[in-house]
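Quick notes on the structure that follows.
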Amino acid sequence: MSDKSEYAFRTISEVSDELGIPQHVLRFWETKFGQLRPMKRAGGRRYYRPSDLELISTIKMLLNDRGLTLKAAQKVLREHGVEAAKTVSVAPANAFEATTEIQMLQTDASPAQAGPMELADVKDALATLKELRLKLA
């Protein structure tokens with residue numbers, strides 16, 4: 001951690017060092033996540049606000065720790081925001097699962113209370129699980 005105040009703006013190299021994310025990845029994420037817009041000074045030098053660091057940490061958590069794809073992480077952040085995205089507790093396979101999990105957490109509902117599943121959905125899920133089981137065997 002740097003000697004700067006937690007409220008101070010940080011350069012891209014400081015953010016990279018602090019969060020362990022390469023600078024080129026931070027620049028790439030700026031192109032993929034519209035919410036990530038560091039302040040730019042003359043000459044294009046980036047200055048990240050504390051809220052940008054929180055967003056970057058959340059993106060890192062969704063992609064690296066939770067295993068979401070870029071598209072899934074974008075959807076979760078776009079539809080639910082940074083605070084709700086932090087509540088994703090498992091590694092959902094896609095944005096739909098992550099979104100459903102967040103919705104259940106926000107409504108305090110359990111999966112059984114989320115609504116009835118159609119028989120076709122159950123059969124699809126079973127078929128998928130059987131395929132995965134065969135691949136793992």
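Just so you know, all these numbers are worked out from the coordinates, no wet-lab data involved. Everything numeric here is computed off the predicted structure, so don't read it as measured data. Backbone-built Cβ (ideal geometry, glycine too); neighbour counts: all protein chains shown.
Values as computed for the structure displayed
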item: Under-5 Å amide H pairs with Y48, H placed in peptide plane, nonlocal only; result: R10, T11
item: Segments 28-38, 69-79 sorted - mean Cβ within 10 Å per residue, highest first; result: 69-79, 28-38
item: Charge dipole (debye, nearest 20) of region 1-65; +1 at Cβ of Lys and Arg, -1 at Cβ of Asp and Glu; result: 440 debye
item: Mean Cβ neighbour count within 10 Å, used as a protection proxy, ranking 40-50, 56-66 highest first; result: 56-66, 40-50
item: Within straight-line cross-link reach of K4, lysines at Cα separation under 27 Å, skipping those fewer than 8 residues along the same chain; result: K40, K60, K86
